[in-house]
Amino acid sequence: MRLFSGIQPTGPMHIGNYFGALKQWAEMQDAESVYSVVDLHALTIDTDPLIRREYSLDAMASVLAVGVDPLVGTVFLQSRVPYHAQMNWLLECVTSFGELSRMTQFKEKSERQTSVRAGLFTYPVLMASDVLLYRSAQVPVGEDQRQHIELTREVALRFNNRYGEVFTIPEAVLPSAGARVMDLQEPTRKMSKSVSSPLGTIYLLDDPADVEKKVMKAVTDTDGDVRYDPEAKPGLSNLLEIFAALAGETPVALASRYQRYGDLKADLAERLNACLAPIAQRYRELRAEEGEIERVINEGTERASAIAGEVYREAARAMGLL
Ligand code: AMP
Ligand code: TRP
């Protein structure tokens, strides 16, 4: 089954990206999976061009380091395949201003900025283009992308009804645990690359000592009862959720095994470090030999272009472009 997902090269990856998306990318990959470092999406945020280049290489290395294998599926850089920007225009003409105005991520992000780029507003259309260009049936993402996938479905249905059956209607695939990892210091806020919270965010490349420190200092509560209750105990429940994603168990089952927050935190830190160590090692190896990443990008571009080109031409013809 065709699978597509993307990740923005906007800074170092954290465990929210891993449990929400990248872990699933590795687990679900097969010959039909298509994964992209979506550098066009990242243009919605101001970044120094030299740093932007590094971020793209970092993101490619992170995707490969978590176990995505370019010999199994397709891995590419979005800007190298021009059909994404082209399809974006076709689909902007199938999407309404009102629909985009209802996107909660746009509302949240635009409130934090003084000058809001038009691209930030139309960004969900580019995301729909990514997914639909590959006729993807499934899209592994974290909870924050659910609304964008819902919009993608609506745009695809509208296009198919108006112009003929060109697109597959995709669905979001969320992990059972870790679909929304919260900031460790402010557990009512999502862990995020764009809001820096030094103690609240655990990066895939953090030193083991830092991981331990961040977990041990994670904000919890004072009632002392180890129980999974995201409403009343957001901090502790977030730790249980992360633990559940690592251990393949439910947060409730894990909670029943602990009496003390400190013991839970110590075990979680150990499990996290055991999970992150091989990722960090592979990342450093890949980043040390840049030719390898460039090779992956070039091969991926060819494979992605072959699929996307065909679907783009079909969509353009269906709309009446000669
Ligand atoms: P982004 O960093 O916005 O490009 O996100 C890349 C992927 O990571 C998307 O599938 C997001 O849904 C997912 N993601 C980002 N932050 C989190 C988080 N705090 N918890 C779970 N998934 C996340
Ligand atoms: N918008 C997604 C995010 O911020 C990244 C993304 C772009 C994406 N295109 C995609 C995710 C297509 C899934 C499918 O996380």
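³J(HN,Hα) across the range 120-135 via Karplus (A = 6.51, B = -1.76, C = 1.60, θ = phi - 60°), whole Hz, x for Gly/Pro?
These are the phi-based 3J(HN,Hα) values: 5, 6, 8, 3, x, 6, 5, 5, 4, 4, 4, 5, 6, 4, 10, 6 Hz.
Going from most exposed to least, what order do Lys190, Lys109 have by accessible area with a 1.4 Å probe?
Order by accessible area, largest first: Lys190, Lys109.
Working from Cα positions, state the angle (0 to 90°, nearest 10) between the long axis of helix 234-247 and the longest principal axis of the chain.
For 234-247 against the chain, the angle is about 70 degrees.
Provide, in order from the shortest bin, the percent of all Cα-Cα pairs of the chain in each 20 Å bin, continuing until the bin that contains the maximum pair distance.
Each 20 Å bin holds this share of Cα pairs: 31, 56, 12, 0.
What's the carbon and sulfur percent of the range 125-185's accessible surface, probe 1.4 angstrom, rounded to a whole number?
42 percent
At 1.4 Å probe size, with every protein chain present, just tell me what the per residue accessible area of the chain comes to in Å².
Normalised by residue count, the accessible surface of the chain is 46 Å².
Which whole-Hz couplings ³J(HN,Hα) result when phi for each residue of the range 263-269 is put into the Karplus expression 6.51 cos²θ - 1.76 cosθ + 1.60, θ = phi - 60°, listed in order with x for Gly and Pro?
Computed from phi, the couplings for the range 263-269 are 5, 4, 4, 5, 5, 4, 4 Hz.
If each residue of separation counts as 0.36 nm, what is the full-extension length gain between Arg117 and Val72 once their alpha-carbon separation is subtracted? Don't jump to the answer; show the numbers that get you there.
Details: separation 45, 0.36 × 45 = 16.20 nm, distance 3.67 nm.
So the chain would gain 12.5 nm between Arg117 and Val72.
Computing the accessible area with a 1.4 Å probe over protein heavy atoms, can you report the carbon and sulfur percentage for the range 208-284?
50 percent
Defining a contact as two alpha carbons under 8 Å apart and six or more residues distant in sequence, what relative contact order in percent does the chain show?
23 percent
Cross-chain or 8 or more residues apart, Cα under 14 Å: how many lysine pairs in the chain fit that? Count them up, please.
Total qualifying Lys-Lys pairs in the chain comes to 5.
For Phe97 and Asp267, what does the FRET efficiency come to when R0 = 45 Å and r is the distance between their Cβ atoms, rounded to the nearest 0.05?
0.35
When the solvent-accessible surface of protein heavy atoms is calculated with a 1.4 angstrom probe, in what order do Arg153, Arg313 fall, highest first?
Largest accessible area first, the list is Arg313, Arg153.
Please work out how much accessible surface Thr44 shows to a 1.4 Å probe, ignoring ligands, DNA and RNA, in Å² rounded to 10.
Answer for Thr44: close to 10 Å² accessible.
So what are the radius of gyration and Dmax for the Cα set of the range 1-73, in Å?
Values for the range 1-73 (Cα only, Rg and Dmax): 12.3, 38 Å.
Measure nothing fancy, just the Cα-based angle from helix 49-65's long axis to the longest principal axis of the chain, in degrees from 0 to 90, nearest 10.
Helix 49-65 sits roughly 70 degrees off the main axis of the chain.
So, in Å, what gap is there between the alpha-carbon centers of the range 1-40 and the range 118-138?
The range 1-40 and the range 118-138 have Cα centres spaced 14 Å from each other.
With every protein chain in place, what's the accessible area of Arg102 (1.4 Å probe, Å², nearest 10)?
140 Å²
Could you sort Leu64, Leu71, Leu40, Leu50 by accessible area so the largest value comes first, with the probe set to 1.4 Å?
Leu71, Leu50, Leu40, Leu64
Between Glu302 and Glu54, how many nm apart are label points set 7 Å from Cα along the C-beta direction?
3.2 nm
The values are calculated or read from the model by the stated rules, or taken from the named source; none is laboratory data. Keep in mind it's a predicted model, so treat the numbers as computed, not measured. When we count neighbours, we look across all protein chains shown, and the Cβ atoms used for this are built from the backbone with ideal geometry, even at glycine. In case anyone asks, the SASA skips ligands and DNA or RNA and just uses the protein heavy atoms, side chains included. Shrake-Rupley method; radii C 1.70, N 1.55, O 1.52, S 1.80 Å.
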